[in-house]
């Protein structure tokens, strides 16, 4: 009897083990539920998190799989883990893969018909949708037709980037309001299929789980950039002890997590209808958006990070105590538009386009100056196209913004950047040993880099292209001169300035107006003034004592004149932007014309001479 009972228990345990093993092997999800209480975004997000954690962390060795099945599941798990890491770095392929996985999990777990999807978001009641919901629907419908240009088409169609004036007639901040969204949504009245609703729900779950919250889709669009946490009251102003009167006043003011700004065609547009919802959500976005390629930890001791994302975007993250609130800035560079013809389109554009081509092909050391957001980096991308292909290019940047190997994959290009342990100065030193002919500096922002740029331009490369934030050509020369003095490369101001003048040949200055319009304000040539070396020596001749003293005083006067206000260079504007068109001003100097012609072939020389003659005539 005992043996029979033991056998029965053993069989029962075996059957139970087989049952549970079947459940694990089949990855069977809970049965579909009709309980409407679980049809909330929060419940679904919790379910997705738990299920994906199970899929990526369970021990495959416990399942008793065959060798082939074990390999297959291990490969799928590795692919899922990679996608979960990559989707937070701006990789659109990983993002779409994770969203497909989430959609599959939801379809298997829930009964997602129209009625249940309407429980998640009130698609059937447009008036109950929030401004964010309506904007997400509009962006989704436009994205089906325009792809990543959806936001651009929306802004252009409804002129959301137009200037607004207050009651006093003063210009206001560029802003897209909730009223703008509701007006457009009522006009468009988009019709959604069941699959459309599912995709919108999946995106909403994804952006709060692995994405960048309400800016997740905005970041992917073809815009200049997006930022958050840059306006509104910082936490230190609304956290803590306040009087009741002050607290009541503060409640009506926007806070830092209500701050989302779009950088669109040179304009900063406030998306006042969007909000992260809480400071914790803004903080979460700031803590994951910079993590591509593991750049190090953002901490109170190191309160900022500058990095690039998987798609080449530049991201800057700030945190307290370095910043008054958590904030991030994503700057995108449209490599598809990196041609001179697409960037320079005002009347007479053929003049600056042609001149820039010859400056590059003629190996002239050229600075690209202008304020932030004026288009310096994009113009530099376009100029590289005209560097002769036989010349190896070496690039030094703070972060990999230019992405030149993505635009010119067949060219000999190596890019270096600063790290926590390798300075820009060391990077420039290494470049001298990499067989480079053309040096490109993404931004001359520190004194050591400026000093090394001047030295490299003299001896280490054929020519150099670099960007700088100087407002005028005089400011550019003084800034580079001061950098040479601060790094103690030179101790005499005049000698240091003379070195800068001998290096910088041309300056292309960009400008961005308040309405976001970008253009080349001027192209300036630096013409060094010939310096006399000999001093008057008339006092050595035969003359009276008074005559000798007068002659010596003339020599002394000439010495002081050369040491003080004697100009070392002349800045001549070759091209200027006047009244909406580009105009030729001063002709190219004869020395620069000859030096450019040395690098051109026979037919190109003739075309170059014809170009100068057509725009400057007999002056050349």
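The values are calculated or read from the model by the stated rules, or taken from the named source; none is laboratory data. Note that this is a predicted model, so its numbers are computed, not measured. All Cβ positions, glycine included, derive from the backbone under ideal geometry; neighbour counts span all protein chains shown.
Values for this structure:
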| read-out | value |
| --- | --- |
| Within the range 426-442, tally of residues that are within 19 Å of residue 487 (Cβ to Cβ), crowded, with 17+ Cβ neighbours inside 10 Å and touching a helix residue (DSSP H, G or I) at 6+ places or on another chain (Cβ under 8 Å) | 4 |
| Test: residue in the range 313-333 that is surrounded by fewer than 17 Cβ atoms within 10 Å (Cβ to Cβ), under 19 Å from the mean Cα position of the chain (by Cα) and either assigned by the TED database to the domain that holds residue 397 or touching a residue at least 40 places away in the same chain (Cβ under 8 Å) (or both) | no |
| Failed criterion for residue 144 (all others in (1) under 26 Å from the mean Cα position of the chain (by Cα); (2) closer than 30 Å to residue 230 by Cα; (3) at pLDDT below 95 hold) | (2) |
| Every residue from the range 278-307 that is touching a helix residue (DSSP H, G or I) at 6+ places or on another chain (Cβ under 7 Å) and assigned to a loop (DSSP other than H, G, I, E, B) | 278, 291, 292, 298 |
| Test: residue in the range 408-424 that is modelled with pLDDT under 80 and part of a helix (DSSP H, G or I) | yes |
| Those residues of the range 120-138 which are surrounded by fewer than 18 Cβ atoms within 10 Å (Cβ to Cβ) and either in contact with a helix residue (DSSP H, G or I) (Cβ under 6 Å, 6 or more places away or on another chain) or farther than 17 Å from residue 41 by Cβ (or both), in sequence order | 122, 124, 126, 127 |
| Checklist (1) within 17 Å of residue 518 (Cα to Cα); (2) assigned to a helix (DSSP H, G or I) applied to residue 358, failing item | (1) |
| Condition check for residue 143: in contact with a helix residue (DSSP H, G or I) (Cβ under 7 Å, 6 or more places away or on another chain) and buried (at least 20 other Cβ atoms within 10 Å of the Cβ) | no |
| Condition check for residue 178: surrounded by fewer than 17 Cβ atoms within 10 Å (Cβ to Cβ) and out of contact with any strand residue (DSSP E or B) (no Cβ under 6 Å at 6 or more places or on another chain) | yes |
| Some residue of the range 595-607 being within 16 Å of residue 507 (Cα to Cα), in the same structural domain as residue 386 (by the TED database) and either out of contact with any strand residue (DSSP E or B) (no Cβ under 7 Å at 6 or more places or on another chain) or not in a helix (DSSP H, G or I) (or both) | yes |
| Any hit, the range 361-370, residues being over 19 Å from residue 506 (Cβ atoms) and touching a residue at least 60 places away in the same chain (Cβ under 8 Å) | no |
| Test: residue 394 is within 29 Å of residue 290 (Cα to Cα), assigned to a helix (DSSP H, G or I) and touching a strand residue (DSSP E or B) at 6+ places or on another chain (Cβ under 7 Å) | no |
| Scope the range 393-410; condition over 18 Å from the mean Cα position of the chain (by Cα) and surrounded by fewer than 16 Cβ atoms within 10 Å (Cβ to Cβ); matching residues | 409, 410 |
